Amino acid sequence: MKDWKNTLVSPETSIRKTIQILDSGALKIALVVDAERRLLGTVTDGDIRRGILRGVALEEPVQRIMNSAPTTVSAEEDKSEILALMRQKQLYQIPIVTNQGTLVGLEILDDIIQVPKRDNIVVLMAGGMGVRLRPLTNDIPKPLLKVGGKPILETILENFIEYGFRRFYISVNYKAELIVDHFGDGSRWGVEIKYLYEEQKLGTAGALGLLPEKTDLPVVVMNGDVLTKINFKHLLDFHKEHNAKATMCVREYDFQVPFGVVKLDNHRLVSIEEKPLHRFFVNAGIYVLEPQSMEFIPRNVFFDMPTLFSTLNNHQQETSVFPIREYWIDIGRLDDFERANQEFDRNFE
């Protein structure tokens with residue numbers, strides 16, 4: 001029995017009957033609800049055993065022994081946050097309720113841990129020279145610079161693996177042999193890694209023209225110098241929901257003008273806005289592309305992602321943007337590299 005609805009009992013259900021429900025299923029919990037399916041409490045084997053020790057008879061109603069203040073989550077809760085809560089409180093299951101307390105589901109630890117395997121191809125762009133990070137990149141490519149004690153690209157790879165991805169291509173150019181030596185065929189991580197060798201600079205989109213195989217699934221593309229805790233499942237779900245041919249991840253960027261901005265009408269001063277704050281959405285370097293969208297990429301010429309999205313828009317192809325609310329940093333400069341090292345432990349450990 002895996003259907004959580006089979007675990008529902010009323011507060012008047014006997015403890016004996018509740019034991020039968022617990023023993024006949026695999027969820028190891030009974031959910032006590034009222035007639036409107038509002039959650040009143042939960043019952044586990046431990047609750048029953050503690051009730052027996054207190055002398056509660058098995059024919060008495062289960063409300064005598066239920067946990068009337070169980071830990072719950074909302075349907076919008078992120079899986080990683082639920083998993084952290086389960087580990088913190090050593091819980092095997094957590095009921096899902098609405099703001100009104102109505103039971104709508106049950107999160108099971110095993111279901112969260114068992115991540116489904118994904119056959120989507122992931123292309124990681126690792127061919128840049130990292131000029132702005134010199135002298136750090138004089139002898140090592142930027143994706144191999146260590147943040148938090150491990151190469152940037154290794155953290156990116158492991159994040160994808162957490163979400164079930166197992167098929168990777170790494171686009172390489174500058175000091176390619178060092179990247180290939182480090183990652184090999186991916187067997188160390190239990191995944192498959194192949195390489196796209198850029199003989200000349202092709203750009204983020206142009207390198208996709210080197211893919212040697214066709215696919216029917218969306219392709220995920222990510223720059224090899226970005227660290228983020230983005231939920232890749234949410235990204236793919238968003239892409240599918242909007243029926244997009246291409247989705248670009250974006251990040252909100254704030255820019256405050258350090259001076260008073262003067263608005264003019266010819267020679268007349270109309271107003272002064274002191275140090276205004278402007279908000280923009282900027283390209284976050286992560287993309288999802290349908291196979292059809294890659295047909296617009298020319299072969300063996302430089303072609304970047306913004307140009308691809310403009311081309312798709314010009315051909316009336318649906319494109320979308322996915323706003324990142326999770327941690328994100330683009331390691332393009334020395335101060336970014338230093339900040340990423342300072343922030344790594346609290347975001348990736």
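Ranking S68, L91, A57 by Cα position along the charge dipole of the stretch 30-99, where only Lys, Arg, Asp and Glu carry charges on their C-beta atoms, puts A57 farthest toward the positive end. For the stretch 229-333, the Stokes-Einstein estimate of translational diffusion at 37 °C and a viscosity of 0.692 mPa s comes to 198 µm²/s, using the Kirkwood hydrodynamic radius over alpha-carbon pairs. Could you name the lysines whose alpha carbon sits less than 21 Å from that of K150, not counting residues in the same chain fewer than 8 places away? Leaving aside lysines fewer than 8 places away in the same chain, those within reach of K150 are K142, K175, K194, K229.
Between E326 and F281, the distance separating the two model label sites (each 7 Å from Cα on the Cα→Cβ line) works out to 1.9 nm. Please state the shape class of the chain: rounded when a/c is under 1.5, otherwise prolate if a/b exceeds b/c and oblate if not, all from the C-alpha gyration tensor. Cα axes put the chain in the prolate bin. Taking Cβ atoms as reference points and 12 Å as the exclusive limit, the residues near I94 contribute a net charge of -1, counting Lys and Arg as +1 and Asp and Glu as -1. Distances between placed amide hydrogens fall under 5 Å for L196 paired with I170, S171, V172, all partners being 5 or more residues away or on another chain. Here the gap between K201 and E59, fully extended at 0.36 nm per residue and compared with their Cα-Cα distance, gives a gain of 43.5 nm. Derived from the Cα gyration tensor, the three semi-axes of the equivalent ellipsoid of the stretch 212-263 are 34, 14, 12 Å, largest first. For the stretch 4-113, taking the reciprocal of the average inverse distance between every pair of different Cα atoms yields a Kirkwood hydrodynamic radius of 14.2 Å.
Using packing as a proxy for protection, rank 251-263, 334-346 so that the peptide with the highest average count of other Cβ atoms within 10 Å comes first. Display every interim value, and only then the final one.
Working: 251-263: 11.2, 334-346: 14.2.
Descending mean neighbour count gives 334-346, 251-263.
Cross-link partners among aspartates and glutamates for K28, C-alpha distance below 19 Å, same-chain residues fewer than 8 apart left out? Output for K28: D3, D45, D47, E107, D110, D111.
Using DSSP to define loop residues, name the trypsin sites (Lys or Arg not before Pro) in the stretch 34-70 whose beta-carbon has at most 16 other beta-carbon atoms within 10 Å.
Values: sites: R37, R38, R49, R50, R54, R64; in loops: R37, R54.
For trypsin sites (Lys or Arg not before Pro) across the stretch 34-70 that sit outside H, G, I, E and B with at most 16 neighbouring Cβ atoms in 10 Å, the list reads R37, R54.
Per the Debye calculation on the stretch 124-237 with a single equal scatterer at every Cα and no solvent contribution, log₁₀ I(q)/I(0) for q = 0.12, 0.17, 0.18, 0.19 Å⁻¹ amounts to -0.41, -0.85, -0.95, -1.07.
Remark: for residue pairs K214/K240; K5/K79; K79/K240; K117/K245; K17/K117; K5/K245, the C-alpha separation exceeds 31 Å in K17/K117; K5/K245. Bridging of K263 to lysines at a Cα separation below 25 Å is possible for K275, once same-chain residues fewer than 8 apart are set aside.
Computed from the coordinates by the stated procedures, all read-outs in this text should not be read as laboratory data. Note that the structure is predicted; figures quoted are calculated from it, not measured. Every residue, glycine among them, receives a Cβ derived from its backbone with ideal geometry; neighbour counts consider all protein chains shown.
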